[in-house]
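Bear in mind these aren't lab numbers, they're just calculated from the coordinates by the rules spelled out. Every value quoted in this text rests on a predicted model; they were computed, and no experiment measured them. Counting neighbours? That spans all protein chains shown, and the Cβs are built from the backbone with ideal geometry, glycine included.
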């Protein structure tokens, strides 16, 4: 009887909002990698909060929309011809750990990269990335997310 009532009044049915938000966070990160790989800077900017903080391995700490453009341009110089593909996404509430792999052949250097991995920790609020941290490997990112002892 309760099930029949809840079926008629679906808004009263308990929701797993944490799970839904986690899936939205994972999709946001997938969309960011896809935008980067297809060279869609406008779509990439939409993934990030205007006041985002980037902690990069090569460029130090950068802030805001201009940082997105600077980092993207640097990636185009150093990673032109390559894709950066997420191979593992790990949900941690308002954070997502992404292990990424570089694949491809540089058009000028002709250097093949096949599987070099590094990792990111993305912190998400209100449907946008507010902080992106880059790490040399999965273990460092997991530790930063508080997922390792």
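Over the C-alpha trace of the stretch 20-149, radius of gyration and Dmax come out as 14.0, 43 angstrom.
With R₀ fixed at 30 Å, the C-beta to C-beta distance from residue 34 to residue 143 puts the FRET efficiency at about 0.65.
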